[in-house]
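Novice: For reference, the structure I am asking about is given below.
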Amino acid sequence: MSIPTMIDRAYQAIHLMALEPVVETIADRHSYGFRPYRSCADAISQCFNVLAKKNSSIFILEGDIKSCFDKISFSWLLENTMMDKIILKKWLNGGYVENKTFHLIEEGIPQGGTISPCLLVNVLAGLEAAVKAVVKRQDRVNVCIYADDFIITGVSREILEDKVKPVVKAFLAKRNLTLSETKTKITHIDDGFDFLGFNIRKYKGKLLIKPSKSSIKKFLSNIRELIGKSIGWTTSELIRQLNLKIRGWCNYYRHVVSKETFSKVDHLIFKKLMQWAKRRHPEKNIRWRINKYFRQQGNRRWIFHSKVKTKECTNTIIDLFCAGQVPIERHVKIKCDATPYDPGFKEYFKKRRAKRIAKVHSGLLGNLDRDGLRVARAV
């Protein structure tokens with residue numbers, strides 16, 4: 001990174017410190033992306049709240065904004081962003097360099113910019129209010145936004161098609177944005193829909209949220225790719241890399257109905273590791289490979305492990321992280337009006353942060369060392 005680029009990013013960070021509190025005051029109540037102390041888990045919890053009841057809405061408008069970051073109107077940003085207009089205009093007209101060639105841009109904001117996420121929140125602020133203004137309470141219309149993805153619920157397809165969708169299109173058009181016609185659709189809750197990597201669907205009237213099939217497929221593909229290129233690695237290094245991926249993926253999905261999926265993932269990873277061991281020792285029989293790479297502890301069998309030396313020169317066994325042992329715990333959604341810039345919520349965020357720290361210290365995901373390795377026992 002060049003020095004001028006570092007200076008520009010520093011300037012953006014300084015302006016972000018002033019702009020973010022302003023944007024927080026105008027952001028939609030149920031907007032969860034690119035906002036402090038909010039996450040995907042909060043967005044999914046909101047989906048559960050508005051869809052789980054028997055009398056909840058049964059139709060969902062899945063919104064997808066076409067090339068959102070790349071199409072935002074410069075003129076709209078300059079007119080509606082409460083910051084130094086001269087500085088903002090210079091950033092927007094800064095362009096980019098590719099293959100030593102400078103390219104000037106006339107619309108959109110860079111996705112890697114320090115201030116870009118906050119600008120996107122500002123651009124979409126007001127969408128929820130615009131939708132609520134054209135519907136009635138009995139229509140049970142609810143909006144949930146995460147970055148440039150959003151869903152809108154309704155009691156009927158006609159309400160979403162005739163009332164809500166035109167308002168959304170008009171709202172986005174003012175910002176030079178459009179809905180993707182191929183990805184924007186209206187779905188019945190019994191058919192289910194994917195949102196932020198989760199599948200949300202009712203089964204005989206009961207709402208279940210699970211990891212989406214596409215997310216599972218992508219995760220397992222990454223695991224297979226990692227194992228495939230690790231033939232020259234030590235077993236401990238392979239375990240370290242796998243643990244980081246498995247642990248992170250499970251953390252993301254540990255708030256929903258994932259127990260069965262986690263067990264399935266463990267089984268598929270086990271099969272792939274058996275193939276890895278066979279490829280590494282083609283001349284050895286299966287019993288030899290099992291004794292070398294797998295062990296048993298209590299009721300658990302087939303634990304992929306390795307022996308390593310610690311800094312104190314003592315031998316330690318490290319295990320592959322077990323997804324099936326991750327406890328499933330419902331996420332407590334953030335209050336929709338809560339913002340860290342409001343002094344009235346200072347105590348609320350303090351308690352919320354304390355609970356999160358307590359969970360980490362209690363070893364929610366097991367006894368893990370700094371490298372994300374499960375320490376089994378000293379040998």
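The values are calculated or read from the model by the stated rules, or taken from the named source; none is laboratory data. If you're wondering where the values come from, they're calculated on a predicted model, not measured in any experiment. Using ideal geometry, Cβ is built from the backbone for each residue, glycine included, and neighbour counts are taken over all protein chains shown. Surface accessibility is based on the protein's heavy atoms, side chains included, excluding ligands, DNA and RNA. Shrake-Rupley method; radii C 1.70, N 1.55, O 1.52, S 1.80 Å.
Novice: Among the residues of the range 94-131, write down those that are surrounded by 14 or more Cβ atoms within 10 Å (Cβ to Cβ) and among the aliphatic types (A, V, I, L, M).
Specialist: Answer for the range 94-131, where residues must be surrounded by 14 or more Cβ atoms within 10 Å (Cβ to Cβ) and among the aliphatic types (A, V, I, L, M): Ile105, Ile109, Ile115, Leu119, Leu120, Val121, Val123, Leu124, Ala125, Leu127, Ala130, Val131.
Novice: In the range 188-238, which residues are closer than 26 Å to Asp42 by Cα, of a type in the set (Ser, Thr, Tyr), in a helix (DSSP H, G or I) and open to solvent by 40 Å² or more (accessible area, probe 1.4 Å)?
Specialist: Ser214
Novice: List pairs: first in the range 266-292 and of a type in the set (Phe, Trp, Tyr), second open to solvent by 100 Å² or more (accessible area, probe 1.4 Å) and not in a helix (DSSP H, G or I), Cβ under 9 Å, 6+ apart or cross-chain?
Specialist: Here the result reads Phe270/Trp302, each pair linking the range 266-292 to a residue that is open to solvent by 100 Å² or more (accessible area, probe 1.4 Å) and not in a helix (DSSP H, G or I).
Novice: Please give the strands (runs of 3 or more DSSP E) falling wholly within the range 2-120 in which 3 or more residues are in contact with a strand residue (DSSP E or B) (Cβ under 7 Å, 6 or more places away or on another chain) and of a type outside the set (Gly, Ala, Ser). Walk me through it before giving the result.
Specialist: Working: elements: 59-64, 96-98, 101-103.
Once the strands (runs of 3 or more DSSP E) in the range 2-120 are filtered for at least 3 residues that are in contact with a strand residue (DSSP E or B) (Cβ under 7 Å, 6 or more places away or on another chain) and of a type outside the set (Gly, Ala, Ser), what remains is 59-64.
Novice: Among the residues of the range 239-262, count how many are in contact (Cβ under 8 Å) with a residue 24 or more places away in the chain, assigned to a helix (DSSP H, G or I), open to solvent by less than 60 Å² (accessible area, probe 1.4 Å) and touching a helix residue (DSSP H, G or I) at 6+ places or on another chain (Cβ under 8 Å).
Specialist: 7
Novice: So, one more: Being assigned to a loop (DSSP other than H, G, I, E, B) and open to solvent by less than 60 Å² (accessible area, probe 1.4 Å) is the requirement here; does Leu177 meet it? Break it down into steps so the answer makes sense when it comes.
Specialist: Details: assigned to a loop (DSSP other than H, G, I, E, B): yes; open to solvent by less than 60 Å² (accessible area, probe 1.4 Å): yes.
For Leu177, the condition - assigned to a loop (DSSP other than H, G, I, E, B) and open to solvent by less than 60 Å² (accessible area, probe 1.4 Å) - is met.
Novice: Among the numbered criteria (1) in contact with a Ser or Thr (Cβ under 7 Å, 6 or more places away or on another chain); (2) in a strand (DSSP E or B), which one does Phe150 miss?
Specialist: Here Phe150 clears every test but (1).
Novice: Also, I was wondering about something else. Does any residue of the range 86-93 turn out to be of a type in the set (A, V, I, L, M), open to solvent by less than 20 Å² (accessible area, probe 1.4 Å) and under 18 Å from Thr339 (Cβ atoms)? Quick ask: steps written out before the conclusion?
Specialist: Let us first name the residues in the range 86-93 that are of a type in the set (A, V, I, L, M), namely 86-88, 92.
Going one step further and asking which of them are open to solvent by less than 20 Å² (accessible area, probe 1.4 Å), we end up with 88, 92.
After this cut, where a residue has to be under 18 Å from Thr339 (Cβ atoms) as well, the list is none.
No - not one qualifying residue is present in the range 86-93.
Novice: Against the definition (over 16 Å from Ala52 (Cβ atoms) and open to solvent by 30 Å² or more (accessible area, probe 1.4 Å)), how does Asp149 come out, yes or no?
Specialist: On the way: over 16 Å from Ala52 (Cβ atoms): yes; open to solvent by 30 Å² or more (accessible area, probe 1.4 Å): yes.
Here the answer is yes, as Asp149 does meet what is asked.
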